[in-house]
1. Consider ILE265 carefully, then state whether it is more than 16 Å from ILE203 (Cβ to Cβ), surrounded by 19 or more Cβ atoms within 10 Å (Cβ to Cβ) and in contact (Cβ under 8 Å) with a residue 24 or more places away in the chain.
2. Restricting to region 140-166, count the residues that are open to solvent by 80 Å² or more (accessible area, probe 1.4 Å) and touching a strand residue (DSSP E or B) at 6+ places or on another chain (Cβ under 9 Å).
3. Checking the conditions here, which among TYR97, TYR75 is more than 16 Å from ligand 1 (Cβ to nearest atom), open to solvent by less than 40 Å² (accessible area, probe 1.4 Å) and either assigned to a loop (DSSP other than H, G, I, E, B) or β-branched (Val, Ile, Thr) (or both)?
4. Taking region 27-51, which residues are within 16 Å of ligand 1 (Cβ to nearest atom), outside any loop (DSSP other than H, G, I, E, B) and in contact with a strand residue (DSSP E or B) (Cβ under 8 Å, 6 or more places away or on another chain)?
5. I'm trying to understand the selection: among the residues of region 52-72, which are within 14 Å of ligand 1 (Cβ to nearest atom), part of a helix (DSSP H, G or I) and free of Cβ contacts under 8 Å to residues at least 60 places away in the same chain?
6. What's the total number of residues in region 114-129 that are open to solvent by 20 Å² or more (accessible area, probe 1.4 Å), at pLDDT 95 or above and in contact with an Asp or Glu (Cβ under 7 Å, 6 or more places away or on another chain)?
7. Count, please, the residues in region 16-34 that happen to be within 15 Å of the chain's Cα centre (by Cα) and open to solvent by 20 Å² or more (accessible area, probe 1.4 Å).
8. Where the second residue is small (Gly, Ala, Ser) and the first is in a helix (DSSP H, G or I) and lies in region 154-183, which pairs have Cβ atoms under 9 Å and are six or more apart or on separate chains?
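The values are calculated or read from the model by the stated rules, or taken from the named source; none is laboratory data. Quantities reported herein were computed from a predicted structural model and do not represent experimental measurements. With ideal geometry, Cβ positions are generated from the backbone for all residues, glycine too; neighbour counts draw on all protein chains shown. Accessible surface areas use protein heavy atoms only, side chains included; no ligands, DNA or RNA. Shrake-Rupley method; radii C 1.70, N 1.55, O 1.52, S 1.80 Å.
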Amino acid sequence: MHGRHPSAQVAQYDDTYCLIDCGEGTQSRLRAAGIRPFKINLILISHLHGDHVFGLPGLLSSFSHLQRTEELTVYGPVGIKGLLDEIRKYTELKINYPFQVIENDPKGLQPMWSKGNLEIFTFPLNHRIKCNGYLLKEKIPLFRLRKEIVESMKLAPALIHLLQTGQNIIVNGKMIENRELTYGEELPLSYAYCSDTQYDKRIIPWIKNVSVLYHETTFRNELLETAVITGHSTAGDAGRIANEVGASCLLTGHYSSRYKDVVDIIREAGEHFPHVLESIEGKKYNLRLLGRHSGGES
Ligand SMILES: [Zn+2]
Ligand SMILES: [Zn+2]
């Protein structure tokens, strides 16, 4: 495995913590990343291969042991309900908190969940078994703050929210125009999760102009045939999709365990698309910065 773990990511937007896939070891990886597991209020499972779901029963069980009270919703492909029902039956797994499982079998881009300024869509990927991709997207684009000025003013969160939504504010009885404190409106931030899948042009209109595209790059280009047979993508496939989608940034991942490092994968994807990044385990990425092509990370 060359030190790499199965798939699991956390996408955070305001108070939404969304765990995307839950391979074995996710609990310990969450701890290592300093993410409090109770904060996770949504779990999105792409498909039922073990490297994406074997960590889920353990996580659900731990939530009960730790006396979670917060609501939790798991979304996944058809079959996930049956899988969890059987595990609960045979292992006496108890779930003592508000919990629901919702199955999706999308035929195209399908709205799935919404709260505040965040909306989540699901769409089909092209894998050996039913597999769902996810698109997390801001409903309303936010205005980009002139950070240093805004921070020096120590504004209340409500005033910052007004600025981010394009409004003027009043401080100490004096009106300050929005353009003095922001750079204007940005494109709506969006993040697409596409793993596991082979190269499939159908997804292009569904994730057009996405800010950050996570697309699997299991194989180098020389294993194209293996990629097609196993329902996975090469580095070149992901680079082409990122280019055709008009993404701002491509985050690669789901690397085959045969590769000790992924330098060649990044290079091969980069032959088709200029902004390619390696997914580094445990690392936090600021999607807003990545979506501006600046390559910024935090
Ligand atoms: Zn798979
Ligand atoms: Zn996989």
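1. Against the criterion (more than 16 Å from ILE203 (Cβ to Cβ), surrounded by 19 or more Cβ atoms within 10 Å (Cβ to Cβ) and in contact (Cβ under 8 Å) with a residue 24 or more places away in the chain), ILE265 qualifies.
2. 2
3. Only one candidate passes the filter, namely TYR97.
4. Scanning region 27-51 gives a single hit, LEU44.
5. VAL53
6. The number of residues fulfilling the criteria is 2.
7. Qualifying residue count for the region: 1.
8. Here the result reads ASN178/GLY166; ASN178/GLY184, each pair linking region 154-183 to a residue that is small (Gly, Ala, Ser).
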